[in-house]
Amino acid sequence: MEKAILQLEALSCPSCMQKIEGALKSVNGIDKDSIKVLFNSSKVKINFDSAVTSIEEIQKAIENVGYQVLKVKVKAA
């Protein structure tokens, strides 16, 4: 497992968080219980299995629901 922190463009409302959570829950390889969307800091924290999915796929899932990923940090869990 790896940990990722993704810095997003500013989130404007709580429903933004729900859209992003829903998109991430649909990606195989993400630990669903680890998904944390932080409204105040516009960050997403997740644990994922890099053998199943890539950070690029995770980023694409977020961008597909309309949010820009500005920065990504990945480290071993």
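The values are calculated or read from the model by the stated rules, or taken from the named source; none is laboratory data. These figures come from a predicted structure and were not determined experimentally. Please note: Cβ atoms are built from the backbone with ideal geometry, for glycine as well, and neighbour counts cover all protein chains shown. Just the protein is used for accessible areas: all its heavy atoms, side chains included, with ligands, DNA and RNA removed. Shrake-Rupley method; radii C 1.70, N 1.55, O 1.52, S 1.80 Å.
Put simply, the amide H of Ser54, placed in the peptide plane, has no neighbours under 5 Å, leaving out anything fewer than 5 places away on its chain. Charge dipole of the chain (Cα centre as origin; +1 on each Lys and Arg Cβ, -1 on each Asp and Glu Cβ, all else neutral): 240 debye, rounded to the nearest 20. Taking the chain as a Gaussian network of alpha-carbon nodes connected by springs under 10 Å, the highest mean-square fluctuation of the residues Val44, Val52, Val27 belongs to Val52. Fully extending the segment from Ser12 to Glu56, taken as 0.36 nm per residue of separation minus the present Cα-Cα distance, adds 13.5 nm. Averaged over its residues, the chain has an accessible area of 59 Å² per residue, based on protein heavy atoms and a 1.4 Å probe. Take every pair of alpha-carbon atoms less than 8 Å apart whose residues are at least six positions apart; their mean separation over the length of the chain yields a relative contact order of 48 percent. So what's the angle, to the nearest 10 degrees on a 0 to 90 scale, between helix 55-64 and the longest Cα principal axis of the chain? Taking the Cα atoms of the chain, the angle to 55-64 is about 30 degrees. What does a probe at Lys71 reach in segment 7-42, counting residues whose amide N is under 11 Å from the point 7 Å along Cα→Cβ? Within reach of a label on Lys71, which here means backbone N under 11 Å from a point 7 Å along Cα→Cβ, segment 7-42 contributes 7-8.
Calculated mean residue ellipticity at 222 nm for the chain: -8500 deg cm²/dmol, from DSSP H runs with n ≥ 4 weighted as -39500 (n - 2.57), summed, divided by the residue count and rounded to 500. Computed from Cα atoms, the angle from the helix 14-25 axis to the main principal axis of the chain rounds to 20 degrees.
Within the accessible surface of the chain, defined with a 1.4 Å probe on protein heavy atoms only, the carbon and sulfur portion equals 47 percent.
The computed Rg and Dmax of the Cα atoms in Å for the structure shown corresponds, within [x] 22.2, 75; [y] 11.1, 33; [z] 19.3, 68, to [y].
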